Amino acid sequence: MLNEKVEKALNTQIELEQFSSQLYLAMASWAEKNGYNGTANFLYEHSDEERSHMLKLFHYVNDRGSHAVVPSSEKPNHEYESVQKVFEEIYNHEKMISEKINDLVGICYEEKDFTTTNFLQWYVQEQIEEENLFSTVLDKLNLLGGDKARLYMFDNEMEKLVTAGTEGVTE
Ligand code: FEO
């Protein structure tokens with residue numbers, strides 16, 4: 001069984017991963033409504049990925065004999081100024097998530113829960129990849145400088161990432 005402090009911290013992370021999933025779902029909906037279908041599909045897929053991050057933690061808590069709690073989700077923002085603003089927000093959000101994962105690892109270490117510290121290494125690695133992915137996407141958007149034709153091409157590129165996986169974006 002997990003100690004109380006670790007259990008509470010893991011349940012807080014479950015809440016954050018669930019919120020990430022809801023946030024990207026709201027962004028996908030905005031993108032779809034505004035004709036950015038490639039971006040929308042990418043974000044729908046990413047929303048599913050966040051749910052899988054949440055579930056991985058959820059199962060871990062219960063597998064360790066503790067109690068995973070279904071988070072009540074705060075309603076995310078549904079309106080965005082531009083695709084660029086969407087990805088700026090995602091990048092900042094992911095940087096915050098990385099900090100939370102690091103704090104969580106710190107708590108497990110202090111509590112001498114090395115099994116959970118070890119389990120969380122997957123999340124540490126995942127956050128490096130996500131920050132890298134979104135920083136690259138944002139760099140690309142910054143280069144477009146608001147050009148509509150290029151934004152259309154960018155949207156097509158995002159669509160390709162849905163089927164190809166996210167590795168291609170960092171090339
Ligand atoms: Fe689950 Fe995007 O971090």
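Values in this text are rule-based calculations from the coordinates and carry no lab data. This structure is a prediction, so every number in the text was calculated from the model and none was measured. Note that each Cβ is placed from the backbone with ideal geometry, even for glycine, and that neighbours are counted across all protein chains shown.
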Would you mind telling me which residue in 28, 68, 149 has the biggest mean-square fluctuation in a Gaussian network model of the chain, where springs connect alpha carbons within a distance under 10 angstrom?
149
Area projected by the alpha carbon convex hull of the stretch 4-170, averaged over all directions, nm²
9.5
Note down the magnitude of the dipole of the stretch 1-42 about its Cα centre, charges +1 on Lys and Arg C-beta and -1 on Asp and Glu C-beta and zero elsewhere, to the nearest 20 debye.
100
Net charge around residue 61, counting only other residues with Cβ within less than 11 Å of its Cβ (Lys, Arg = +1; Asp, Glu = -1)?
+1
Among 141, 53, 31, which residue has its Cα positioned farthest towards the positive end of the charge dipole of the chain, with +1 placed on the Cβ of Lys and Arg, -1 on the Cβ of Asp and Glu, and the dipole taken about the Cα centre?
31
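Go ahead and estimate [θ] at 222 nm for the chain from helices alone: -39,500 (n - 2.57) per DSSP H run with n ≥ 4, summed, over the residue count, rounded to 500.
Computed ellipticity for the chain at 222 nm equals -27000 deg cm²/dmol.
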Order by protection proxy (mean Cβ within 10 Å, highest first), peptides 46-55, 98-107
46-55, 98-107
Relative contact order for the chain using alpha-carbon pairs under 8 Å, separation at least 6, rounded to a whole percent?
28
Where the only charges are on Cβ atoms (+1 Lys, Arg; -1 Asp, Glu), what is the dipole of the chain about its Cα centre, to the nearest 20 debye?
220
By its C-alpha gyration tensor, with a ≥ b ≥ c as the square roots of the eigenvalues, how is the stretch 1-91 shaped: rounded for a/c under 1.5, else prolate for a/b larger than b/c, else oblate?
prolate
Note on the stretch 50-92: C-alpha Rg/Rh, Kirkwood Rh, two decimals, gives 1.18
How much net charge surrounds residue 73 when only the other residues with a Cβ under 15 Å from the Cβ of residue 73 are counted, with Lys and Arg +1 and Asp and Glu -1?
-2
Excluding residue 111 itself, calculate the net charge of residues whose Cβ lies under 15 Å from the Cβ of residue 111, where each Lys or Arg counts +1 and each Asp or Glu counts -1.
-1
